[in-house]
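Scroll down for the structure; my scribbles are underneath it.
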Amino acid sequence: MLLARTQGHRYLVGHCHTHQAIRWLRLDRVSPAHLTTQPATRIPIEAAGTPPTTGEL
């Protein structure tokens, strides 16, 4: 997981269990997170892809 800022927005980039994919999640649109016992997995930075364009997410 990483934090990024692009186009004036802050994003959490990480693995989404719902979509089973790496996703860019805008922090101002994220509902409260919940702590789990599931360990994090290492994901190469290249897997983050490119930032979303304006209007995405």
### Query
Tell me, what ³J(HN,Hα) does each residue in the stretch 12-23 have, in order and in whole Hz, if you take phi through Karplus 6.51 cos²θ - 1.76 cosθ + 1.60 with θ = phi - 60° and put x for Gly and Pro?
9, 10, x, 7, 9, 5, 5, 9, 6, 7, 6, 10
## Note on the structure
Computed over the chain, protein heavy atoms only, probe 1.4 angstrom, the accessible area per residue in square angstrom equals 86 Å²
### Query
Highest GNM mean-square fluctuation, the chain, Cα pairs closer than 10 Å: which of Leu35, Leu27, Leu12?
Leu35
## Note on the structure
Residues whose modelled amide H sits under 5 Å from the amide H of Ile22, counting only those 5 or more places away in sequence or on another chain, are Cys16
### Message
Viscosity 0.890 mPa s, temperature 25 °C: give me the Stokes-Einstein translational D for the chain in µm²/s, with Rh taken as the Kirkwood radius over C-alpha pairs.
### Response
199 µm²/s
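The values are calculated or read from the model by the stated rules, or taken from the named source; none is laboratory data. Here the structure is a predicted model, which is why all the values come from computation and not from measurement. Ligands, DNA and RNA are stripped out before the accessible areas are found, and what is left, the full protein with its side chains, is counted by its heavy atoms. Shrake-Rupley method; radii C 1.70, N 1.55, O 1.52, S 1.80 Å.
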